[in-house]
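Participant: The structure follows.
Laboratory data are not the source of any read-out in this text; all were calculated from the coordinates shown. No experiment lies behind these values; they were computed from the predicted model shown. Virtual Cβ from ideal backbone geometry, glycine too; neighbours counted across all protein chains shown.
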Amino acid sequence: MKTEAQKRAKKKFEATNCKQISLQLNYNTDAEVIAWLDKQTEITGSRQGYIKALIKADIERNNSK
């Protein structure tokens with residue numbers, strides 16, 4: 001269990017060093033995307049890690065042009 005001081009420290013760290021980005025997917029129109037993300041999450045164990053890896057790979061491809 002975290003103390004109040006630990007909670008405040010985490011909140012301060014995240015406010016200074018992190019940006020949260022949300023993605024809303026529709027069960028009907030984005031079903032393939034949802035299924036793919038769920039499958040990749042089972043394999044990699046991290047939805048966030050998978051998405052970040054895709055973005056980093058895209059950055060690499062674009063920077064090498």
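Participant: Quick check on the exposure proxy: order Ser46, Ser22 from fewest to most C-beta atoms within 10 angstrom.
Facilitator: Values: Ser46 12, Ser22 4.
Going from least to most buried by this count: Ser22, Ser46.
Participant: Only Lys, Arg, Asp and Glu count, each charged at its Cβ (+1, +1, -1, -1), so figure out the dipole size of the stretch 1-42 about its Cα centre, rounded to 20 debye.
Facilitator: Result for the stretch 1-42 is approximately 580 debye, rounded to the nearest 20.
Participant: Only helical DSSP H runs with n ≥ 4 go in: add -39500 (n - 2.57) per run for the chain, normalise by residue count and round the 222 nm mean residue ellipticity to 500 deg cm²/dmol.
Facilitator: Taking each H run of at least 4 residues, the total per residue is -22500 deg cm²/dmol.
Participant: Now, a different point. Checking the cross-link filter: which lysines have an alpha carbon closer than 16 Å to that of Lys56, excluding same-chain neighbours under 8 positions apart?
Facilitator: Output for Lys56: Lys65.
Participant: So how much slack lies between Leu54 and Lys10, counting 0.36 nm per residue of separation and subtracting their Cα-Cα distance, in nm?
Facilitator: Fully extending the segment from Leu54 to Lys10 adds 13.1 nm.
Participant: Averaging over every viewing direction, what projected area does the convex hull of the Cα atoms of the chain cover, in nm²?
Facilitator: Result: a mean projected hull area of 7.3 nm².
Participant: Then there is this: Cα to Cα, under 14 Å, and not fewer than 8 places away if on the same chain: which aspartates and glutamates meet these conditions relative to Lys19?
Facilitator: The reachable aspartates and glutamates, counting only those whose Cα sits under 14 Å from Lys19, number zero.
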